[in-house]
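Student: Encoded as structure tokens, here's the structure I'll be asking about.
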Amino acid sequence: MVTVKRILVIYTGGTFGMLKNEKGVLVPQKDIEHRVIRKLPQLHDNEYWKQNLHGTDMEEYVALPDGKDTDIKVLYKIYEYDELKDSSDFNNDDWLKMARDIKRFYHDYDGFVVLHGTDTTAYGASVLSYMLETVGKTVVLTGAQVPIFQPRSDGNNNLFCALLVAATLHIPEVTVFFGAKLFRGTRVKKVSNTRIQAFDSPNFPALLEARTTLDIEPKMLIHPAGSVPDVCQIHDQLSHKVYVLKVAPTITPEIIRAVFNGMDGVLLETYGNGNIPIKRKEIYKEIERAVKNKVLVVNVTQCINGTVLGKAIYETGLLLVECGVVPAFDMTAEAALAKLSYVLTKTELSYEQKVELMKTNIRGELNNPNHN
Ligand code: ASP
């Protein structure tokens, strides 16, 4: 008995579907479904389509060829956005649209794949993780380092595996499949612009590694099997008044003032365990003033791997703790920024409750040793 699984692929742009324009630079292309995907035997079983879908109300579906899992037939529909973008052009509004689309089509499909440019996949996966407050189906972001138009594209395998994950594994959260691994959306980082393994999650293991089969250990899931209702609830709002300020040796009070101006939340990317220069007191004073004015300031490390705890280890980290800057623990900068956008629009919460929420693990994004 073959079970048919229907997956919606939301094509938003990115290298996956790019070709060079007349200036020799890559730009997203329209209609990759007919120009490429339906012509690739790895991504479309035309014989199956002709025999089973052509002339029916299912003919818009693309048929994934069977692998070993012949008891599941994966059919997918490509929903191409009118305006395809390099993901460097994305802002919170683009991810709001994606979240709304997942909600809109939630009951028509068994899972969702988002084709997304790699530059901001880590931001997008984090933002979507927060916006989808309840999601009972698997959501996978993927893309490519080499366009699908080229023979060496990694897009074929990424899309194929993302579709299989969405159709055959029940992982009710936002994830990223890339290279050979599936990552938690709030833990992933782009670590290379040349390697085929473009992503990693330095503070948390990959949810799964593709081997001859795709399997996930139940202990890797945020929610135990069967505990999430099959509904999609979204938090339909994000603050735009958040930004990230990287501490560097040439920082000045003017720079801090300029970045903090008009912001409700700022992510401070600090040295090491959460340290800043303290000999120039005006630098710290600017940050302290912002916290007093109820700007939510979060301290995240610049290190690829590690944590900023709620207590200082060095004198250079103490002042931030004392004035109420919130530790990000082992969150990525991308997840911390997304979480700020989300938490700041929880209008029912007081400032203190927002601070507490920032320190609480809500989407598998952090390990706060004080809460264990
Ligand atoms: N600039 C591209 C984008 O983010 C890079 C990629 O997709 O790999 O859209």
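Student: Tally time: how many residues in the stretch 304-321 are open to solvent by 20 Å² or more (accessible area, probe 1.4 Å) and either basic (K, R) or in contact with a helix residue (DSSP H, G or I) (Cβ under 9 Å, 6 or more places away or on another chain) (or both)?
Tutor: Residues flagged as open to solvent by 20 Å² or more (accessible area, probe 1.4 Å) and either basic (K, R) or in contact with a helix residue (DSSP H, G or I) (Cβ under 9 Å, 6 or more places away or on another chain) (or both) within the stretch 304-321 amount to 6.
Student: Next question. Could we say that Q42 is touching a helix residue (DSSP H, G or I) at 6+ places or on another chain (Cβ under 6 Å), surrounded by fewer than 15 Cβ atoms within 10 Å (Cβ to Cβ) and not aliphatic (A, V, I, L, M) here?
Tutor: Yes; evaluated as a whole, the condition is true for this residue.
Student: Could you grab me the full set of residues in the stretch 348-372 that are closer than 22 Å to L132 by Cβ, under 24 Å from the mean Cα position of the chain (by Cα) and among the hydrophobic types (A, V, I, L, M, F, W, C)?
Tutor: L357, M358, I362, L366, listed by residue number.
Student: Mind listing whichever residues of the stretch 205-224 are crowded, with 19+ Cβ neighbours inside 10 Å and either modelled with pLDDT of 95 or more or in a strand (DSSP E or B) (or both)?
Tutor: Once the filter is applied, which keeps residues that are crowded, with 19+ Cβ neighbours inside 10 Å and either modelled with pLDDT of 95 or more or in a strand (DSSP E or B) (or both), the stretch 205-224 yields A206, L207, L208.
Student: Quick check, is L8 within 16 Å of the ligand (Cβ to nearest atom) and within 28 Å of the chain's Cα centre (by Cα)? Break it down stepwise before answering.
Tutor: Working: within 16 Å of the ligand (Cβ to nearest atom): no; within 28 Å of the chain's Cα centre (by Cα): yes.
Judged against the criteria, L8 is not a match.
Student: Of all residues in the stretch 11-23, count the ones that are open to solvent by 40 Å² or more (accessible area, probe 1.4 Å) and within 16 Å of the ligand (Cβ to nearest atom).
Tutor: Qualifying residue count, the stretch 11-23: 4.
Student: Right, I37: out of contact with any Phe, Trp or Tyr (no Cβ under 6 Å at 6 or more places or on another chain), among the hydrophobic types (A, V, I, L, M, F, W, C), at pLDDT below 95 and away from the ligand (no atom under 16 Å from the Cβ) or not?
Tutor: In short, no.
Student: Determine which member of the set L75, L96, L84, L53 is out of contact with any helix residue (DSSP H, G or I) (no Cβ under 6 Å at 6 or more places or on another chain), open to solvent by less than 20 Å² (accessible area, probe 1.4 Å) and within 30 Å of H235 (Cβ to Cβ).
Tutor: Sole residue among the options that is out of contact with any helix residue (DSSP H, G or I) (no Cβ under 6 Å at 6 or more places or on another chain), open to solvent by less than 20 Å² (accessible area, probe 1.4 Å) and within 30 Å of H235 (Cβ to Cβ): L96.
Student: Continuing with the same structure: Answer yes if at least one residue in the stretch 324-347 is more than 27 Å from the chain's Cα centre (by Cα) and either in a helix (DSSP H, G or I) or modelled with pLDDT of 95 or more (or both), and no otherwise.
Tutor: Filtering the stretch 324-347 down to residues more than 27 Å from the chain's Cα centre (by Cα) leaves 324.
Applying the additional criterion that residues be either in a helix (DSSP H, G or I) or modelled with pLDDT of 95 or more (or both) yields 324.
Yes, the stretch 324-347 has at least one match.
Student: If you go through the stretch 80-99 one residue at a time, do you hit one that is among the aromatic types (F, W, Y), touching a strand residue (DSSP E or B) at 6+ places or on another chain (Cβ under 6 Å) and away from the ligand (no atom under 14 Å from the Cβ)?
Tutor: Of the stretch 80-99, the ones among the aromatic types (F, W, Y) are 81, 90, 95.
Remaining after also requiring touching a strand residue (DSSP E or B) at 6+ places or on another chain (Cβ under 6 Å): 81.
Filter again for away from the ligand (no atom under 14 Å from the Cβ), leaving none.
No.
Student: Consider R257 against the criteria (1) part of a helix (DSSP H, G or I); (2) in contact (Cβ under 8 Å) with a residue 40 or more places away in the chain; (3) not hydroxyl-bearing (S, T, Y): it satisfies all of them except one. Which criterion is unmet?
Tutor: (2)
Student: I would also like to ask the following. Would you be able to tell me the number of residues in the stretch 119-149 that are in contact with a strand residue (DSSP E or B) (Cβ under 9 Å, 6 or more places away or on another chain), open to solvent by 10 Å² or more (accessible area, probe 1.4 Å) and within 15 Å of the ligand (Cβ to nearest atom)?
Tutor: 4
Student: Give the residues of the stretch 267-299 that are within 16 Å of V326 (Cβ to Cβ) and touching a residue at least 40 places away in the same chain (Cβ under 8 Å), sorted by residue number.
Tutor: Within the stretch 267-299, L267, L268, E269, T270, N273, G274, N275, I276, K294, L296, V298 qualify.
The values are calculated or read from the model by the stated rules, or taken from the named source; none is laboratory data. What you are looking at is a predicted structure, and each value in this text was computed from that prediction instead of being measured. We place every Cβ from the backbone using ideal geometry, glycine too, and count neighbours over all the protein chains shown. Just the protein is used for accessible areas: all its heavy atoms, side chains included, with ligands, DNA and RNA removed. Shrake-Rupley method; radii C 1.70, N 1.55, O 1.52, S 1.80 Å.
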